[in-house]
Amino acid sequence: TKYILQVRNLKKYFPVKGLFFTKGYVKAVDGVSFEILRGETFGLVGESGCGKTTVGRTILRLIEPTDGQILFEGKDIMKFSKKDINRFRRKAQIMFQDPYSSLNPRQTVFQIVMEPVRHHGIEVDDPEAFVIDLLERVGLNESHLYRYPHEFSGGQRQRIAMARILSLKPEFVVLDEPTSALDVSVQANILNTLKDIQDEYKLTYLFISHDLAIVKYMSHRIGVMYLGKLAEVGNSESIFEEPLHPYTKALFSAIPIPDPDIEKKKERIKVIGEPPSPINPPEGCRFNPRCQYAKDICREKEPELKKVDSDRFVACWLY
Ligand code: SF4
């Protein structure tokens, strides 16, 4: 299969506890389907609380889905045997947003990078040379080997996290806002290193971010999430040139695009108000209270994600 990952109708509901009984559910992810091609970067973008991080964690089985199917290399990850899970944990990794809490402060860089290797019982002939090689691939070097996380900047810590991820030679990495906690001045360098190691290791990425400019820079294809659902999926360039879903249009009109031709064509659209609560999402299209194109059907029936072009899907009654 050309897909490394296939997600079908994924749902994740979190119970909201009342004093004596469950008051309701936060429908963090509510019926999301998409595929990721081997070797590509699939960007998942949306405002905070739209469910993108929950999608990233659920597909790695860090949290259990409420419903739906996740296929990794064609196999249902919920039906994995113990051995399959072990193999999956080597092949599929995650890089977290916060470089300050994701590394053990009492371990040296050497220990941090070797930890997953030891955990999986992988034999390495010369551990020092092995770690130095990984450090060099992510822009660090031998002099960093026996230092501790507190001696490094945020950007360098993300590089250490990259080396640790690469120690297992993964195939698929979820990058969950990997540069959001960093200074703008170091973000581009980290993103470029992520691109370099993707080429070198033939990695597939799921890139999660609220930052459109970064998602565009990193991704081949993009999924736009709104309140637990995908509003639009498509090729990164075509989405940026011509966003179809009113929510995508509104998101994109808020960011400046360096290309003046696109900038001129862009419709200036404002979203009205704050995103509604995912506990009681609006009836019909979830975007309808904020949408300037909403018509009767939008308040009654939820639009499905429909194919409108060879590589373009949109969930909106306008199409
Ligand atoms: Fe707007 Fe209706 Fe499209 Fe929803 S379905 S985005 S309310 S036009």
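Coordinate-derived values only; no laboratory data. The structure displayed is predicted, hence computed values, not measured ones. Here the Cβ positions follow ideal geometry from the backbone for every residue, glycine too, while neighbour counts run over all protein chains shown.
Before moving on, here are some points about what is shown:
- For the chain, the longest principal axis of the alpha carbon atoms and the long axis of helix 127-137 meet at an angle near 40°.
- With θ taken as phi - 60° and the Karplus curve 6.51 cos²θ - 1.76 cosθ + 1.60 applied, the whole-hertz 3J(HN,Hα) list for region 5-17 is 9, 10, 10, 10, 6, 5, 10, 9, 10, 9, x, 9, 7 Hz, x standing for glycine and proline.
- For Gly31, distant residues with modelled amide H under 5 Å away: Leu10, Lys11, Lys12
- Panel note: the C-alpha atoms of the chain, placed on their principal axes, show extents of 67, 53, 43 Å (largest first).
- The mean sequence separation of alpha-carbon pairs under 8 Å and at least six residues apart, normalised by the residue count of region 130-198, gives a relative contact order of 36 percent.
- Calculated SAXS-style log₁₀ I(q)/I(0) at q = 0.21, 0.23 Å⁻¹ - region 1-76, Debye, Cα scatterers: -0.94, -1.07
- Label-to-label distance for Ser153 and Ser238 is 4.0 nm, based on points extended 7 Å past Cα in the beta-carbon direction.
- Rounded, prolate or oblate (a/c below 1.5 giving rounded, otherwise prolate when a/b exceeds b/c) for region 85-189 by Cα gyration tensor: oblate
- Taking all Cα pairs closer than 8 Å and separated by 6 or more residues, the relative contact order of region 18-108 comes to 17 percent.
- Taking label points 7 Å from Cα along the Cα-to-Cβ direction, His220 and Asn141 give a separation of 3.4 nm.
- Debye intensity ratio I(q)/I(0), log10, region 13-171, q values 0.11, 0.19 Å⁻¹ (C-alpha model): -0.58, -1.23
- Between region 117-134 and region 15-44, the alpha-carbon centres lie 36 Å apart.
- Region 221-247 and region 285-315: distance between their alpha carbon centers, rounded to Å: 12
- Two-decimal log10 I(q)/I(0) for region 123-172, as the Debye equation yields it once each C-alpha is a single scatterer, q = 0.22, 0.28, 0.29 Å⁻¹: -0.79, -1.16, -1.21
- Rounded to whole numbers, the Karplus 3J(HN,Hα) couplings from phi for region 145-150 are 3, 10, 9, 9, x, 5 Hz, using 6.51 cos²θ - 1.76 cosθ + 1.60 with θ = phi - 60°, and x at Gly and Pro.
- For region 78-92, backbone nitrogen atoms closer than 13 Å to the point 7 Å from Arg118 Cα along Cα-to-C-beta are found at no residue.
- Unsatisfied cross-links (Cα-Cα over 22 Å) in the set Lys229/Lys301; Lys12/Lys169; Lys2/Lys307; Lys12/Lys79; Lys249/Lys295; Lys11/Lys249: Lys12/Lys169; Lys11/Lys249
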